[in-house]
Amino acid sequence: MKRSMLSLLRYWLSKLAGHSNARPAQRSRHHQRLRRVGAWRQSRVLIALCISIVVILGVASIRVSAQSDSNLRQEEDALIQEFTLPEPSSSPPVLRPRPSQAPARNSAPTRSNAPSSQTPSPTPTPEPETEETPEPSTEDPIPSGIDDAFPTYTYTLEFNRSPVVGNRLRMEGVYPESRLGFTRPREWNIASAKVLLRYQHSPSLLSQRSFLTLRLNNTSIGSIALDRSEAEIGEAVFDVPISLVQDVNELSMVADQHTSETCTNPSDPSLWTEILPDSKIVLEFQPQPITLDLSLYPYPFIDQLSPDPTRLSYLMPTADSDQWLTALARFQTSVGRVSRTRSLDTQIVESIDDLTWGDRLIVIGTPQEQPLLSELELPFPIENDQILDGNDQPLPAEVGVLMVTTVQDGSVPALIISGNSEAGVAKATQNLVQPNARNIVAGEAAVIDRVDDVPSPDPRNWPGYLPTTNSFQLSDLTVPGGQPFQEVTVHGAKAPMVQADFRALPDDRFSRGSTMTLHYSHSPQVNPRTSTVEILLDNVAIGSKRLSNRNADAKKTFKVNLPGNLIKTNSVLSVRFNLNPRESEFCGLTTDDQLWGRVYGDTSFDLKRGTVVTLPDLELLKTGYPLTAPQDLSEAGIVIPENPQPSDINTLLSLTQRLGQLSQADSVKLAVYRAGAVPGDVQEEKHLVAIGRRDRLPLESALQTEQFGLRDGFTRFWRGTQVRALPDTEGMIRSVLSPQNPERILLALTAQTDQGLSEVQSLLSEDPLFAQLRGDTVLINSNEENPSPYDSRGYSLTVLQEAAQRRIERLDPLSRISLFFQDYWFMLPTGIVIIALALYVISQLYLNRISNSERSS
């Protein structure tokens, strides 16, 4: 076809050329008109020819594209034709949540406004707490919308569970305000809500002018007079309209405090009211049934609105393989990313009989590895350890299957990640760990035919951290909470600070010359003598500027230097406006409604930095580095014993959950290997984590050191001293350079006993303990049974720094020289003196030589 079109085009071009050469020298008007008509006809023919060629080529390309699409469709149809989906179930799985308490009808705390002579009860530990159900009350009417077919349960939320409260919630000043937040799970149908408030206040407050008001979601739910004498404890019960209770709620306590009938000094120390930590929010609810659907994932397995910790239970297979362990690790990593800051408990169970209230069951593996699948009511039938399609034929081995169901009479949801081969299980798992892939699954079951391979991000591309470019804007950063920064305006004389995360990458090394150019504006009503704008880095002021009324509402700039030694991996950049009005205060109150300050997103930064990191250093592990570089964990591997025990797998779950919380990417490519089956290229190219007790630790090179170490028979040695500890219940985390590649690390999570491994799990799971990592070796031991990580007496940590370190630099020659002088500045004066002496000696020798030559001549 192409050859015929080219020949036709060549023919017309030759015809046109022939006509152009046959023109006579003398032209008549008639001949000119004829030639013009002929030329017009020829141009029309040529235009039509070009259009025809374009159309033919377009049709040919469409035909080729259609053929390729047809081939792809034929391949997909061939795969689909290999199996037939079963008929949709007429009764999809329904989860019927069942709280741990016995149901109660319309119960409420006893209303009491009389002063209490009892002393406040001691503050309980900040753990989820549910009180006993109060006695039923027949006075309260049954709210509309409550179904008598479902039982009503009571949930009590103590104020001390909030870190804002702690031992007390103190409000000082004339108009102080404090806020607490709580959530309502989506399956709760609220029957009634009450706030039981216990409080104390200053005896100096005037009862006629001092009040305490409670607001829920900016709506007042009641006020009480602050009329107690001698700081007595008062109690009050506030009824909450159930229409005000939302998924995310904010309870505000606003005090109006006065000590004078005419003018109250706002700095008077007697202006105070304390909310006691045993105050509580009492919710009565009916758990509603939930139709399970994969489109809801991660709910109900992870509920971001639940007030209780999420508890996942993984069913142990009959035979664990490398593929099953890898699927388990990747899924747990994705769970850590989804739950993020939520409390998460995980465990390994041998059967569904081990499940308790609140568990979420996760079943990973083929029907041969998980015999329980054949006992469950699933949309795909299972026979002879094979998942069958609608024609009772086994599904292809290369496809994965996702299903949701319930166990224990519908009270526990179960997520099935399966397939007829390990490749199918891996594909189903990968679908869930990749956000773009899991967003398209739906129904009670899904067959995963294909999952795209997401390329690994750059090792230094960390979402939520500083951009890799040295010049960027404030809009490229995120605010505390993870949302992108936008233009922010604050109001009032005591305006809150404008904050943004300024988290440096773990291998960033800053030098002098880094600057920030703030773009801001403010209201013209400020007093220029006392109003300023400040820039703070981790609450350390690095610059301040007085505000000016000249073009006040126009955009202004303020350039400051950024000290490199203050920029950390968890730094927060703050801009604070100290706004004071022109008019003086009246009776201690500041009229500041008209005051405002604004920070613009085009605030720019220019950083001077290089890439320098020293390994090993466990303090870097607080950001996940170097295991989380890149963020999809493609350069990290985990090695476990040949026959892993539950303590080993639980440690694996704790580690991968933490890595998930510390990373953010579109995929998870973490791999798990058994001892003795680690490929050689993996040992050279990846950072490895060895998990296991001392007697079964896979990579013993992590313990082969002349410093502190563990040996067989509960033996410890350190600097020539050797002892035997019985029992040895301490856990150990050690980081050393890999023997195969000095730019890679080898991390060991080990102990002499399973109890020691549980201590390692606590260190990885609890934020207060994990934040104490540093050095190259950490020993952890609990001092009491069920210790609290918030109590410094609960655990004892020993930190050692003795291993040889290596500094890894990726700098240009000029930066290397600058870095050398920054690190060894104390050698600079000595070097100058030595160079000066050397030049003096050389000059003297040269002068003596010239003098001797002149004498000899």
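The values are calculated or read from the model by the stated rules, or taken from the named source; none is laboratory data. No experiment lies behind these values; they were computed from the predicted model shown. Counting neighbours? That spans all protein chains shown, and the Cβs are built from the backbone with ideal geometry, glycine included. The accessibility values were calculated without ligands, DNA or RNA, using every heavy atom of the protein model including side chains. Shrake-Rupley method; radii C 1.70, N 1.55, O 1.52, S 1.80 Å.
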Counting only residues that are closer than 17 Å to THR798 by Cβ, within 26 Å of the chain's Cα centre (by Cα) and not charged (D, E, K, R), the stretch 733-756 contains a total of 4
Which condition does LYS545 not pass, out of (1) of a type outside the set (Asp, Glu); (2) touching a Lys or Arg at 6+ places or on another chain (Cβ under 8 Å); (3) crowded, with 16+ Cβ neighbours inside 10 Å, if it passes all the others?
(2)
What number of residues in the stretch 424-477 are crowded, with 20+ Cβ neighbours inside 10 Å, in contact with a Gly (Cβ under 6 Å, 6 or more places away or on another chain) and not in a strand (DSSP E or B)?
5
Do we have any residue at all in the stretch 368-380 that's of a type in the set (A, V, I, L, M), in contact with a Pro (Cβ under 6 Å, 6 or more places away or on another chain), within 16 Å of LEU402 (Cα to Cα) and in contact (Cβ under 8 Å) with a residue 24 or more places away in the chain?
yes
Do the conditions hold for ILE352, that is, is it open to solvent by less than 30 Å² (accessible area, probe 1.4 Å), at pLDDT below 95, out of contact with any Leu (no Cβ under 6 Å at 6 or more places or on another chain) and under 25 Å from ILE649 (Cβ atoms)?
no
For residues that are in contact with a helix residue (DSSP H, G or I) (Cβ under 6 Å, 6 or more places away or on another chain), assigned to a helix (DSSP H, G or I) and among the polar types (S, T, N, Q), tally how many sit in the stretch 332-351.
3
Is there a residue being open to solvent by 30 Å² or more (accessible area, probe 1.4 Å), part of a loop (DSSP other than H, G, I, E, B), among the hydrophobic types (A, V, I, L, M, F, W, C) and closer than 30 Å to GLN645 by Cα anywhere in the stretch 317-330?
yes
Tell me, please, whether a residue that is among the charged types (D, E, K, R) and within 19 Å of MET171 (Cα to Cα) can be found in the stretch 234-247.
yes
Looking at LEU292 and the list (1) surrounded by fewer than 17 Cβ atoms within 10 Å (Cβ to Cβ); (2) farther than 30 Å from SER207 by Cβ, which single condition is not satisfied?
(1)
Given (1) part of a loop (DSSP other than H, G, I, E, B); (2) closer than 30 Å to ILE745 by Cα, index of the condition ALA552 fails
(2)
Given (1) open to solvent by 30 Å² or more (accessible area, probe 1.4 Å); (2) touching a Leu at 6+ places or on another chain (Cβ under 7 Å); (3) more than 19 Å from GLU743 (Cα to Cα); (4) without any contact (Cβ under 8 Å) to a residue 60 or more places away in the chain, number of the condition GLY709 does not satisfy
(1)
Any residue in the stretch 200-212 that's in contact (Cβ under 8 Å) with a residue 60 or more places away in the chain: show its pairings with residues that are open to solvent by 40 Å² or more (accessible area, probe 1.4 Å) and among the basic types (Lys, Arg) at Cβ separation under 9 Å, as long as the two are six or more apart or on different chains.
GLN200/ARG168
What tally of residues in the stretch 255-266 results from selecting those that are surrounded by fewer than 20 Cβ atoms within 10 Å (Cβ to Cβ) and either closer than 26 Å to PRO163 by Cα or in contact with a Phe, Trp or Tyr (Cβ under 6 Å, 6 or more places away or on another chain) (or both)?
1
Would you confirm, using the coordinates I've provided, whether ARG774 is in a strand (DSSP E or B), basic (Lys, Arg), open to solvent by 70 Å² or more (accessible area, probe 1.4 Å) and at pLDDT 85 or above?
no
Inspect the stretch 403-410 for any residue being more than 30 Å from the chain's Cα centre (by Cα), among the polar types (S, T, N, Q) and buried (at least 22 other Cβ atoms within 10 Å of the Cβ) and give the result as yes or no.
no
Per the filter on the stretch 380-402, residues open to solvent by less than 30 Å² (accessible area, probe 1.4 Å) and part of a loop (DSSP other than H, G, I, E, B) are PHE380, ASP389, LEU395, PRO396, VAL399
Starting from the stretch 752-775, take each residue that is farther than 19 Å from TYR625 by Cα and list its partners that are assigned to a helix (DSSP H, G or I) and among the basic types (Lys, Arg), counting only C-beta distances under 8 angstrom and pairs at least six apart or across chains.
GLN752/ARG694
With a cut-off of at least 1 residues that are within 25 Å of SER738 (Cα to Cα) and open to solvent by 10 Å² or more (accessible area, probe 1.4 Å), name the strands (runs of 3 or more DSSP E) lying wholly within the stretch 570-676.
609-615, 671-674
